[in-house]
Amino acid sequence: MLSPQGEAVSSVLSFYFRDEVLPYYAGDLDVARELAANDFKYWDLMRRACERGVKVFDYGRSKRGTGSFDFKKNWGFEPQPLAYEYKLFKGDAIPQNNPANPKYRAMIALWRRLPRGVANALGPSIVRNLG
């Protein structure tokens, strides 16, 4: 999506296969929020997919109780439970490496107060060591 000044503010990389489309990765500038770019971006993707004869719009997996789950449900999609398969090498429980895990609350609160440059510099090494 372009801003009124013609600058790209929101985009989505989508994969098409047979009669399906999967919006795989999306990105937005901060200004995209005030332009409702996310809504327009997905509406336009759905419109174009219909023009191509796509029958399945695969919005991907999201955990219940998250913002992305609510965003997708708001579009009228019905959640479909999907099975996961795990092979545990260490421990006897599936790791809960997600923001809903209470063990991460304090770190998330601190992370949100960091300057963006510091967060971007530290982020990759922290993510590699989660778990």
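A few points about this structure:
- Out of 59, 24, sole residue that is within 30 Å of residue 83 (Cα to Cα) and at pLDDT below 90: 59
- Qualifying residue in segment 65-72 (condition: open to solvent by 80 Å² or more (accessible area, probe 1.4 Å), farther than 17 Å from residue 20 by Cα and in contact with a strand residue (DSSP E or B) (Cβ under 8 Å, 6 or more places away or on another chain)): no
- Residue 12 meets each of the listed conditions (1) closer than 29 Å to residue 129 by Cα; (2) in contact with a strand residue (DSSP E or B) (Cβ under 6 Å, 6 or more places away or on another chain); (3) modelled with pLDDT under 90 apart from (3).
- Of all the criteria given as (1) surrounded by 13 or more Cβ atoms within 10 Å (Cβ to Cβ); (2) part of a strand (DSSP E or B); (3) touching a residue at least 24 places away in the same chain (Cβ under 8 Å); (4) not polar (S, T, N, Q), the one not satisfied by residue 26 is (3).
- For segment 80-131, the set of residues classified as among the acidic types (Asp, Glu) and either surrounded by 11 or more Cβ atoms within 10 Å (Cβ to Cβ) or within 30 Å of residue 56 (Cβ to Cβ) (or both) consists of 85 only.
- Within segment 1-23, the set of residues being in a loop (DSSP other than H, G, I, E, B), open to solvent by 100 Å² or more (accessible area, probe 1.4 Å) and either touching a Cys at 6+ places or on another chain (Cβ under 9 Å) or under 25 Å from residue 58 (Cβ atoms) (or both) comprises 18 only.
- For segment 29-42, the set of residues classified as assigned to a loop (DSSP other than H, G, I, E, B) and either surrounded by 12 or more Cβ atoms within 10 Å (Cβ to Cβ) or not charged (D, E, K, R) (or both) consists of 29, 33, 35, 36, listed by residue number.
The values are calculated or read from the model by the stated rules, or taken from the named source; none is laboratory data. Being a predicted model, the structure only gives us computed values, none of them experimental. In this analysis, Cβ positions are derived from the backbone assuming ideal geometry, glycine residues included, and neighbour counts consider all displayed protein chains. All accessible areas refer to the heavy atoms of the entire protein, side chains included, with ligands and DNA or RNA removed. Shrake-Rupley method; radii C 1.70, N 1.55, O 1.52, S 1.80 Å.
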